[in-house]
1. Every residue in segment 205-240 that is in a loop (DSSP other than H, G, I, E, B), surrounded by 15 or more Cβ atoms within 10 Å (Cβ to Cβ) and modelled with pLDDT under 95, please.
2. Can you go through TRP197, TRP157, TRP143 and tell me which one is part of a strand (DSSP E or B), of a type in the set (A, V, I, L, M, F, W, C) and open to solvent by 50 Å² or more (accessible area, probe 1.4 Å)?
3. Specify which of the listed residues (SER70, SER90) is away from the ligand (no atom under 16 Å from the Cβ), at pLDDT 95 or above and on the phi < 0 side of the Ramachandran plot.
4. Looking at segment 241-258, which of its residues are open to solvent by 60 Å² or more (accessible area, probe 1.4 Å), in a helix (DSSP H, G or I) and in contact (Cβ under 8 Å) with a residue 60 or more places away in the chain?
5. Quick test for you: out of MET190, MET276, MET270, pick the one residue that is closer than 27 Å to GLY103 by Cα and either modelled with pLDDT of 95 or more or not hydroxyl-bearing (Ser, Thr, Tyr) (or both).
6. Within segment 69-115, track down each residue that is touching a residue at least 40 places away in the same chain (Cβ under 8 Å), over 16 Å from PRO217 (Cβ atoms) and in contact with a helix residue (DSSP H, G or I) (Cβ under 8 Å, 6 or more places away or on another chain).
7. Where residues in segment 58-95 are of a type in the set (S, T, N, Q) and open to solvent by less than 10 Å² (accessible area, probe 1.4 Å), which of them is farthest from GLN36 (Cα to Cα)?
8. Which of the residues spanning segment 184-194 are crowded, with 17+ Cβ neighbours inside 10 Å and not polar (S, T, N, Q)?
Amino acid sequence: MAASVFSCYTNVLLLLVLTSLTFGSLMVAFAANFNQDIDITWGDGRAKILSEAKLLSLSLDKTSGSGFQSKNEYLFGKIDMQIKLVPGNSAGTVTAYYLRSEGSSWDEIDFEFLGNLSGEPYIVHTNVYAQGKGDREQQFYLWFDPTAGFHTYSVLWNPGRIVFYVDGRPIREFKNLEGFGIPYPKNQPMRVYSSLWNADDWATRGGLVKTNWTQAPFTASFRKFNANACVWSNGASSCSNSNATNKTWLSQELNSTGQKRLKWVQTNYMVYNYCMDTKRFPQGLPRECNVTNKA
Ligand SMILES: *[C@@H]1O[C@H](CO)[C@@H](O)[C@H](O)[C@H]1NC(C)=O
């Protein structure tokens, strides 16, 4: 009797703990608030936090673009943002969304959205820098119109791999190949940055299509920023105190379904892959290209 009362009691306790954990993470996911999470860093009023801090818009005109950055720095995480890209004629504009560390041998994980003429496809440009060296571009078309509504763009960054996702679908994986002497971002905390700027010298059809300033201002919108991440502050990671929060992303890999989905995107939507660009690297492709099945 005493034993079953006790176990009933522990069950209730467990339930309470589980409920509060679930609620805790729901709160994090639903209470996204740009006032709490980000700082507008430039653009002289062109970046705006709207709708009770649930929405953020960046704009670009002939005088200036605009941008913001996360208040926190992170060392590993699963970071999501919903973005609605510049509609209509967005040729020459670039909406960048990336993680980056400080200093001259920085690490960086990039999403850049290259605009286009009305009805022509955007390009999603990705890159990974480790210790100041990038040159690892992969580009993709999307399987939807990214200006018609919000879509989720995510970075999974853990000690084993970096995965870029669009609406939960992996589009690129960059593995930790330090075992082969290839640097991997894992020691420098990064901040999340975003900006909307003009790059009509290269962005659209390699610079052939220029920005039509009569269409300005150009505007991109952001919502539901969510960082399931290890926050880095004063030289310590929030993940090193062993609280019970769920950090499956810290060791997450692509399972066979994930691999298949990745392959589908790479087969059908890839525009450019540095690992295939033998002309660009006459002295040989970057090492990671030969180690993995085309990185
Ligand atoms: C823009 O559209 C042209 C024509 O369809 C296409 O070749 C190009 O890849 C598209 N995207 C960019 C960013 O140039």
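1. Looking only at segment 205-240, we keep the residues that are in a loop (DSSP other than H, G, I, E, B), and these are 208-212, 216-217, 234-235, 238-240.
From what's left, surrounded by 15 or more Cβ atoms within 10 Å (Cβ to Cβ): 209, 211-212, 216-217, 238-239.
SER238, CYS239, listed by residue number.
2. TRP197
3. Details: SER90 fails: away from the ligand (no atom under 16 Å from the Cβ).
Answer to the selection: SER70.
4. Step one: list which residues in segment 241-258 are open to solvent by 60 Å² or more (accessible area, probe 1.4 Å), which gives 241-246, 248, 251-253, 255-257.
Now drop any that are not in a helix (DSSP H, G or I), which leaves 248, 251, 256-257.
Answer for segment 241-258, where residues must be open to solvent by 60 Å² or more (accessible area, probe 1.4 Å), in a helix (DSSP H, G or I) and in contact (Cβ under 8 Å) with a residue 60 or more places away in the chain: just SER251.
5. Details: MET276 fails: closer than 27 Å to GLY103 by Cα; MET270 fails: closer than 27 Å to GLY103 by Cα.
So the residue among MET190, MET276, MET270 that is closer than 27 Å to GLY103 by Cα and either modelled with pLDDT of 95 or more or not hydroxyl-bearing (Ser, Thr, Tyr) (or both) is MET190.
6. Result: SER70, ASN72, PHE76, GLY77, LYS78.
7. Start the filter on segment 58-95 by keeping residues that are of a type in the set (S, T, N, Q), which leaves 59, 63-64, 66, 69-70, 72, 82, 89-90, 93, 95.
Of the ones still in play, those that are also open to solvent by less than 10 Å² (accessible area, probe 1.4 Å) are 66, 70, 90, 93, 95.
Values: SER66: 19, SER70: 9, SER90: 30, THR93: 28, THR95: 22 Å.
Ranking the qualifying residues of segment 58-95, first place goes to SER90.
8. So the first thing to find is which residues in segment 184-194 are crowded, with 17+ Cβ neighbours inside 10 Å, and the list is 184-185, 188-194.
Result: TYR184, PRO185, PRO189, MET190, ARG191, VAL192, TYR193.
The values are calculated or read from the model by the stated rules, or taken from the named source; none is laboratory data. Everything numeric in this text was worked out from a predicted model, so none of it was measured. Here the Cβ is made from the backbone with ideal geometry for all residues, glycine too, and neighbour counts use every protein chain on show. Remember, those area values only see protein heavy atoms, side chains included, never the ligands or the DNA or RNA. Shrake-Rupley method; radii C 1.70, N 1.55, O 1.52, S 1.80 Å.
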